[in-house]
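In what follows, a single structure is set out as structure tokens and then discussed.
The values are calculated or read from the model by the stated rules, or taken from the named source; none is laboratory data. Values in this document were obtained by computation on a predicted structure and should not be read as measured data. Quick reminder, even Gly has a Cβ in these numbers, built from the backbone with ideal geometry, and neighbours come from all protein chains shown. In case anyone asks, the SASA skips ligands and DNA or RNA and just uses the protein heavy atoms, side chains included. Shrake-Rupley method; radii C 1.70, N 1.55, O 1.52, S 1.80 Å.
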Amino acid sequence: MQNLHWYEGPLASFDTETTGVDVETDRVVSAALVLQSAPDAPVERLTWLVDPGVPIPDGARAVHGITDERVRAHGCSPVLATAEIARALAEQARAGVPLVVMNAPYDLTLLDRELRRHRQSSLAGVLADAELLVVDPRVLDKHVDRYRKGRRTLTDLCAHYGIALADAHDAGADAWAALQLVRALGERHSTALGEFSTAELHLRQARWHAAQARGLQEWFDRSGTPERVDRSWPLRPARCLCGAPVSAEHRCESAA
């Protein structure tokens, strides 16, 4: 029996819609986990609508269309939602199913901060000994087609790889599009990507993302832009108020 490439087998795909773009302070208002066992197999969707407990800014509402009235009437609490979402991701991790996340450091870091905020936990804590194997189409595309000009948003990548994206900025639609995108990306670039195991691919993406971030930081520095680029992937480490990474060993002197 012929061994399948990673993009031909089971995949899960995760996406969120939020109150903004700051992973440290913004909140989840909807999330989706899309599951598919093979390219032609049926699709299963798990979705959450969340009352974030804070007003949804006009700018965010203009993007995803989710209103305060809707989440108050139909959303579940962030305490419940974050636990359910994290457990669903952990279940896929324990089953060895790769998790597709477009621009993973955004969605996964924001989920981690929501767990810390509402559950006094963390994504790593919920995963425990399960290994989250992430596939990030943004990182993969930048690696295999480094010099292609233009933006690399989900909408742009779907157009480039011929994936239909209906209802953009709906978490379920975006997650499904990202899942199809990585199958198409893997097939088109099978020589560069197809022979890796999912564990190998995960490790390589961390290195590729760091190199991509380093290149972008150098460009910012040359252009005089003060913006700093985080090289962490697929999750940005939590930091103390003093700026140090949070760990069991860290003791913040400024907290005294």
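Points worth noting:
- Matching entry among Val182, Val144 (being at pLDDT 95 or above and under 26 Å from Leu110 (Cα atoms)): Val182
- Restricting attention to the stretch 49-73 and to residues that are assigned to a helix (DSSP H, G or I) and in contact (Cβ under 8 Å) with a residue 40 or more places away in the chain, the residue that is nearest to Val23 (Cα to Cα) turns out to be Ala60.
- Where a residue in the stretch 151-171 is touching a residue at least 12 places away in the same chain (Cβ under 8 Å) and of a type in the set (S, T, N, Q) and its partner, wherever it lies, is assigned to a loop (DSSP other than H, G, I, E, B) and open to solvent by less than 70 Å² (accessible area, probe 1.4 Å), with Cβ under 9 Å and at least six apart: Thr155/Leu165; Thr155/Ala168
- Each residue in the stretch 1-32 was checked for being more than 17 Å from Thr198 (Cβ to Cβ) and not hydroxyl-bearing (Ser, Thr, Tyr), and 15 of them qualify.
- Lone qualifier among Gln205, Gln217 - being polar (S, T, N, Q), surrounded by 14 or more Cβ atoms within 10 Å (Cβ to Cβ) and over 30 Å from Leu4 (Cα atoms): Gln217
- Check on Leu89, assigned to a helix (DSSP H, G or I), touching a residue at least 60 places away in the same chain (Cβ under 8 Å), out of contact with any Pro (no Cβ under 6 Å at 6 or more places or on another chain) and within 21 Å of Leu181 (Cα to Cα): yes
- Residue within the stretch 102-120 that is assigned to a loop (DSSP other than H, G, I, E, B), under 18 Å from Phe14 (Cα atoms) and in contact (Cβ under 8 Å) with a residue 12 or more places away in the chain present: yes
- Candidates are the residues of the stretch 105-155 that are among the polar types (S, T, N, Q) and over 26 Å from Ala168 (Cβ atoms); the one that is surrounded by the fewest Cβ atoms within 10 Å (Cβ to Cβ) is Gln120.
- Residue list for the stretch 32-52, filter: open to solvent by 10 Å² or more (accessible area, probe 1.4 Å) and of a type in the set (Gly, Ala, Ser): Ser37, Ala38, Ala41
- Taking the criterion of being within 17 Å of the chain's Cα centre (by Cα) and not in a helix (DSSP H, G or I), the residues of the stretch 147-206 that qualify are Arg152, Thr153, Ala168, His169, Asp170.
- Reported count of residues in the stretch 1-31, each being part of a strand (DSSP E or B) and either open to solvent by 50 Å² or more (accessible area, probe 1.4 Å) or farther than 19 Å from Arg113 by Cβ (or both), is 3.
- Among the candidates Leu80, Leu89, residue that is open to solvent by 10 Å² or more (accessible area, probe 1.4 Å) and not basic (Lys, Arg): Leu80
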